[in-house]
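A.B. asks: Can you read through this structure? Questions will come right after.
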Amino acid sequence: MAIQVLVIDDEREVNATLGQLLTMEGFDYHYAASGEDGLKLARNLHPDVIVLDAMMPDKTGFDVCRMLKNARTTCGIPVLFFTCLCGRDHVLRCASAGGQAHVAKPFDFDTVLKVIREADQWHRDIAKRPMTGGFRVAADQAETSSRGINEMLSTLIIQTSIDDTTLAQFGSAFLCLLAATGSLDTPNAAAPKLPAVDVQYTIEPASDMTSLKSNGGGIWWTMTEPEPGMIHTIQNANINSAASRTVQADRWIHIWQTFIDSTGASREPHAAGTVRLVRRFRTGAMIPPVDGNVLPFHTFNYHQCRQD
């Protein structure tokens, strides 16, 4: 079966050029000239790979990518940003929206074919992934971090009863952490960056995917740092008075508390220098599998979660 590629780009010449290249290589090519049309096509076609421009007149590619990542039906589709925005902050911004790769315009055809084929293979391997994994949240590894976050979310979709709202909360929480490691979360360029964080996760699958059960699965996160910093500060937050804490410490504590609130996770006892979190889900009335996934009825109430 041919690889289905959806190109969302308002530059018609770029779209036409990509279309010719992909068609010649045997891909099944689809295109949209606006963000809104791209979202509709993505939801209807379920392509294997999406190629997305960052700047469009109706919706930015960043908003389009976030909306795709906020829904079970499109979260697992890899999104590749093809854009003229090529600075280090732009690469981080693409990754922090959920994009798995950044390709600079004007692009090299060999590079285009390579990243699309790699993304397609990633997409096809979703069902084979183990229920344990890990990734580093770090701006200097932005694309690798985003890929790890997307892998975790897509595995959650297959193995648990996570709904659209919780999915959006998880994605936003981790991508905000990623943005904070490059200080994209604040307009103050002098603000201290969040240290890199290593994340290990274990997913507990739903106990019964065809009936009403209390156990809809869950996820455990164990988070550490390559070098001591933020987590040590957080663990000692109650010891140090607010008056004696530094601006950096207060900022890290605020980011961390926002992360906890966004995920709805509970902290569990763990070794010093690490943070262990858990979030469990409950099943609802389930419907038969669709494309290998089992969806709860309430996942069809799509929620849009914009990350400013």
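The values are calculated or read from the model by the stated rules, or taken from the named source; none is laboratory data. Everything numeric here is computed off the predicted structure, so don't read it as measured data. FYI the Cβ positions are ideal-geometry reconstructions off the backbone, even for glycines, and counts take in every protein chain you see.
A.B. asks: Please identify the pairs in which a residue from the range 255-266 that is farther than 20 Å from residue 162 by Cβ has its Cβ atom under 9 Å from the Cβ atom of a residue that is β-branched (Val, Ile, Thr) and surrounded by 19 or more Cβ atoms within 10 Å (Cβ to Cβ), counting only partners at least 6 apart or on another chain.
C.D. replies: 256/231; 256/233; 256/275
A.B. asks: Pull up the range 138-187, narrow it to residues that are outside any helix (DSSP H, G or I) and touching a Phe, Trp or Tyr at 6+ places or on another chain (Cβ under 7 Å), then point me to the one that is nearest to residue 259 (Cα to Cα).
C.D. replies: We begin by selecting, within the range 138-187, every residue outside any helix (DSSP H, G or I); these are 138, 160-163, 181-187.
This time we only want the ones that are touching a Phe, Trp or Tyr at 6+ places or on another chain (Cβ under 7 Å), so: 160-162.
Values: 160: 21, 161: 21, 162: 18 Å.
Restricting to residues being outside any helix (DSSP H, G or I) and touching a Phe, Trp or Tyr at 6+ places or on another chain (Cβ under 7 Å), the top hit is 162.
A.B. asks: Taking the conditions exactly as written (out of contact with any His (no Cβ under 7 Å at 6 or more places or on another chain), more than 15 Å from residue 184 (Cβ to Cβ), not assigned by TED's automatic domain parsing to the domain that holds residue 227 and not in a helix (DSSP H, G or I)), does residue 114 satisfy them or not?
C.D. replies: Values: out of contact with any His (no Cβ under 7 Å at 6 or more places or on another chain): yes; more than 15 Å from residue 184 (Cβ to Cβ): yes; not assigned by TED's automatic domain parsing to the domain that holds residue 227: yes; not in a helix (DSSP H, G or I): no.
No.
A.B. asks: Hey, another quick one. Give me the residue from the range 1-38 that is in a helix (DSSP H, G or I) and among the polar types (S, T, N, Q) and, out of that set, surrounded by the fewest Cβ atoms within 10 Å (Cβ to Cβ).
C.D. replies: Let us first name the residues in the range 1-38 that are in a helix (DSSP H, G or I), namely 12-24, 35-38.
Still in the running and among the polar types (S, T, N, Q): 15, 17, 20, 23.
Details: 15: 19, 17: 16, 20: 11, 23: 13.
Across the range 1-38, the extreme among qualifying residues is 20.
A.B. asks: Still on this model: Scan the helices (runs of 4 or more DSSP H) fully inside the range 39-99 and keep the ones with 1 or more residues being closer than 20 Å to residue 17 by Cα. Before you say what the answer is, go through the steps one by one.
C.D. replies: Values: elements: 61-69, 72-75, 88-96.
Result: 61-69.
A.B. asks: Return yes or no: is residue 115 β-branched (Val, Ile, Thr) and touching a helix residue (DSSP H, G or I) at 6+ places or on another chain (Cβ under 6 Å)?
C.D. replies: Working: β-branched (Val, Ile, Thr): yes; touching a helix residue (DSSP H, G or I) at 6+ places or on another chain (Cβ under 6 Å): no.
Spelling it out, it is not the case that residue 115 is β-branched (Val, Ile, Thr) and touching a helix residue (DSSP H, G or I) at 6+ places or on another chain (Cβ under 6 Å).
A.B. asks: List pairs: first in the range 48-73 and touching a residue at least 12 places away in the same chain (Cβ under 8 Å), second of a type in the set (Ser, Thr, Tyr) and assigned to a loop (DSSP other than H, G, I, E, B), Cβ under 6 Å, 6+ apart or cross-chain?
C.D. replies: Matching pairs, first to second residue: 58/34; 71/302.
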